[in-house]
Amino acid sequence: MKKPGKVYIVGAGPGDPELLTIKAMRLMEEADVILYDKLVGEKIVELIKKLRKTAIYVGKNSGEKGMKRQEEINEMMKSFALSGKTVVRLKGGDPFVFGRGGIEAEFLTKEGIPFEVVPGVSSINSVPASAGIPLTHPGFSSSVLVVAGRDDVEEWKNAPLKGTIVILMGRDTLEEICANLIKAGRNPETPVAVVENGTTANQRVVTGNLKNIAKRARDVTGPAVIVVGDVVKVRKNLGFE
Ligand SMILES: C[S@@+](CC[C@H](N)C(=O)[O-])C[C@H]1O[C@@H](n2cnc3c(N)ncnc32)[C@H](O)[C@@H]1O
């Protein structure tokens, strides 16, 4: 039997190609096949295409069920690896942050396919940073809570009243999130920033507070990181607004 190829589960960073790691770049150059996600930045996709590899888009199309797509991706990784190919499974940000990287690694383990996880620059910290927002700052915040905003919105009643909250996938539930945070006791004047398409040429930042941000960010349609907390004020000190 042919020796299976190896699968590299690689983080592509938040979108700016210069935020790809040197290892990610090397592995893409060496790979036979690249399976890439929706959140892999446009410029990185252009770069992949220039490498002239077999590059397959495996992101979810609108209306498609996540689980079915995941099974197809798992099967693709398996069949390419079993035919001896080196596979780069390229995912936005870091593969082990809200990206199903763990599920894919579990699948490969179960199938006995050699793999390696290659960390990437997560949007959690890089997107706020590129909008001039440090996640911690002396006198403003010394803690960070990271949450997915799309589910379990009820759980917001347990959110801390101090410190920074970073919300991924919260764009469409922003109004509920803010209302729940106020209900949980957060000051309605707490600053909030919504950073859309962070680190790319299309980056846009909308700021406000818990009372008004949902209205102000109504026309945000791209991927967005939401930052709640006094650290948002720091961007002004840094000349970002
Ligand atoms: C499925 S999660 C994947 C997170 C990714 N693994 C990471 O480490 O950044 C997708 C969410 O990440 C956030 N995101 C990723 N890239 C982003 C970017 N360039 N700008 C703003 N938000 C981004 C958005 O909240 C988006 O809905």
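The values are calculated or read from the model by the stated rules, or taken from the named source; none is laboratory data. Not measured: the values here are computed from a predicted model. So basically every Cβ, Gly included, is an ideal-geometry build from the backbone, and we count neighbours across all protein chains shown. To get the accessible areas, we keep the full protein, side chains included, count just its heavy atoms, and leave off ligands, DNA and RNA. Shrake-Rupley method; radii C 1.70, N 1.55, O 1.52, S 1.80 Å.
Structural remarks
- Percent accessible area from carbon and sulfur atoms, region 123-237, protein chains only, probe 1.4 Å: 48 percent
- Leu82/Ile22 FRET efficiency (R0 25 Å; Cβ-Cβ; nearest 0.05): 0.30
- DSSP-loop GluC sites (Glu not before Pro) across region 171-240, with at most 14 other Cβ within 10 angstrom: Glu189
- The sum of -39500 (n - 2.57) across all DSSP H runs of n ≥ 4, divided by the residue count of the chain, sets its helix-only mean residue ellipticity at 222 nm to -8500 deg cm²/dmol.
- Restricting region 2-33 to trypsin sites (Lys or Arg not before Pro) in coil, as DSSP defines it, with at most 14 other Cβ within 10 Å: Lys2
- DSSP-loop GluC sites (Glu not before Pro) across region 1-76, with at most 13 other Cβ within 10 angstrom: Glu64
- Choice from Ala217, Ala184, Ala193 with maximal GNM fluctuation in the chain (Cα, 10 Å cutoff): Ala184
- For region 98-213, fraction of C-alpha pairs farther apart than 18 Å, in %: 58 percent
- Comparing Cα centroids, region 153-178 and region 86-129 end up 25 angstrom apart.
- Distances between placed amide hydrogens fall under 5 Å for Arg89 paired with Tyr8, Ile9, Val10, Leu35, all partners being 5 or more residues away or on another chain.
- Once the 1.4 Å probe is applied to the protein heavy atoms, the chain comes out at 52 Å² accessible per residue.
- Efficiency of FRET from Cβ geometry, Thr136 and Glu175, R₀ 35 Å, rounded to 0.05: 0.80
- Pairs beyond 32 Å (Cα-Cα), from Lys6/Lys49; Lys157/Lys236; Lys68/Lys211; Lys53/Lys215: Lys68/Lys211; Lys53/Lys215
- Shape call, the chain: gyration tensor on alpha carbons, a/c limit 1.5: prolate
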